[in-house]
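Okay, structure first, notes after.
The values are calculated or read from the model by the stated rules, or taken from the named source; none is laboratory data. The structure displayed is predicted, hence computed values, not measured ones. Virtual Cβ from ideal backbone geometry, glycine too; neighbours counted across all protein chains shown.
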Amino acid sequence: MKLLPLYTVLALALALGGPALAEPSPFAELERSIEAGERGKIVALVVEQHGQIVYEHRFRTGSARRPRVGRDPALHDIRSAGKSITALAVGAALADGQLSSLDQPVWPLLGRDDPEHGSILVRDLLSMSSALDCDDGDPKSPGNEERMYMRRVWRTFALDIPVDPAAPEVGRFSYCTAGVFLLGQVLEAVTGERFDAYVQRRLFEPLGIEGVVWNHSRSGEIQSGGQLEIGAADLSKLGRLVLGGGRWKGQQIVPEAWIEQMLSPHHKLGGPVACGYLWWFRPVPSPRGWESSWSMQGNGGNLVAIFREVDAVITVQSANYNKPGAHDRSFEIVAAALKALPAPP
């Protein structure tokens, strides 16, 4: 039997009242460029607006690596984007009265009577403004995270980081993963639960997030400074939780007042970029000009960006680890996704 050409079939279908050709996806060109490898190793992209996923795709460019034995291949290591989850966990502990104040000194909470570190507060670790001699951007820094990973017990390493003699005052910004790890230890001390169990019970279970994998030290300490493996759609749920003022499907998971405090600039980092409590502010270009955005950010270009005026959450999972410009590439993807969304009234 001779087959009719495709254009003849389409013409007959239209003549008989068949369905018209579908409109091309507004994300088609963005998807093509990612699949072609033009934006590096992108693992997944999820675009959510008004609480509904409008685009979701997992890409070959970033998922070619072999998954760990027994691990869900949809999981991806988001690196320091996980720090933002720790900030949410701190807000939950405050709401439950387990953590009394951000102005509690950290070292006494962790069983250390140390006058040199006694002035360092929970607030200082949240805003990365403690007096610790800790700078992940400086390989020679005593508190550099790579030094911590070589130790079997991270807690001892982090508590032994000296105060910076050149800048002992609190208030300066210094990116310090070990300090965020100590926040997880503080939460364990005040809640009586291991950090991953507390986050699962208090944050993930209400959102229906399961099966995440946390990195840990050789002694079993959970890395609350990031490095958990999680799916892109689940990350998008966390973005919607924050965009919704801490509410999820009618339930107040984290107080709205904490969300506002967390998403307030505590340090200006150059130009319009700023940081809150382990969340990051950066405007993103859009057809309307610029959109204000707060985001979770991690090495490799991992990104969850929320947009209040557009009511959207855009999640990029990327494996461009330690590559120059990885974050810029991901923000370019976010800008392209914004362009594909309908503008707010």
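For every residue, the table says whether it meets (1) in contact (Cβ under 8 Å) with a residue 60 or more places away in the chain; (2) under 24 Å from residue 51 (Cα atoms); (3) in the same structural domain as residue 128 (by TED's automatic domain parsing).
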site	(1), (2), (3)
247	no, yes, no
252	no, yes, no
256	no, yes, no
264	no, yes, no
271	no, no, no
285	no, yes, no
303	yes, yes, no
326	yes, no, no
Exercise. Which of (1) out of contact with any helix residue (DSSP H, G or I) (no Cβ under 8 Å at 6 or more places or on another chain); (2) modelled with pLDDT of 95 or more does residue 241 not meet, given it meets every other one?
Worked result: (1)
Problem set entry | Condition met for residue 242 (more than 24 Å from residue 56 (Cα to Cα) and among the β-branched types (Val, Ile, Thr)) | no
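For residues that are hydroxyl-bearing (Ser, Thr, Tyr) and surrounded by fewer than 21 Cβ atoms within 10 Å (Cβ to Cβ), scanning just region 84-126, find the one that is farthest from residue 294 (Cα to Cα).
That would be 119.
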Seminar exercise, completed: Going through region 23-57 in order, the residues found to be among the basic types (Lys, Arg) and loosely packed, with under 14 Cβ neighbours inside 10 Å are 32
Exercise. Looking at region 259-299, which of its residues are more than 21 Å from residue 235 (Cβ to Cβ), among the small types (Gly, Ala, Ser) and touching a Pro at 6+ places or on another chain (Cβ under 8 Å)?
Worked result: 274
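Give the residues of region 274-297 that are in contact with a strand residue (DSSP E or B) (Cβ under 9 Å, 6 or more places away or on another chain) and under 17 Å from residue 126 (Cα atoms), sorted by residue number.
274, 275, 276, 278, 279, 280, 281, 294, 295, 296, 297
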For this session: Could you grab the pairs with beta carbons closer than 8 Å, sequence gap of 6+ or different chains, first residue in region 127-145 and in contact (Cβ under 8 Å) with a residue 60 or more places away in the chain, second one assigned to a loop (DSSP other than H, G, I, E, B) and among the charged types (D, E, K, R)?
Result: 145/136
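Please return the ranges of helices (runs of 4 or more DSSP H) entirely within region 157-262 where 1 or more residues are at negative phi and of a type in the set (Phe, Trp, Tyr).
Per the criteria, 177-191, 195-199, 256-262.
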Exercise. Is there a residue in region 103-115 that is free of Cβ contacts under 8 Å to residues at least 40 places away in the same chain, charged (D, E, K, R), closer than 25 Å to residue 193 by Cβ and in contact with a strand residue (DSSP E or B) (Cβ under 7 Å, 6 or more places away or on another chain)?
Worked result: yes
Seminar exercise, completed: Flagged in region 264-320 as assigned to a strand (DSSP E or B) and among the acidic types (Asp, Glu), in numbering order, are 291
Problem set entry | Matching residues, region 125-150, being basic (Lys, Arg) and either under 24 Å from the mean Cα position of the chain (by Cα) or closer than 20 Å to residue 86 by Cβ (or both) | 147
For this session: Output the residues belonging to region 241-257 that are among the charged types (D, E, K, R) and closer than 20 Å to residue 200 by Cβ.
Result: 247, 249
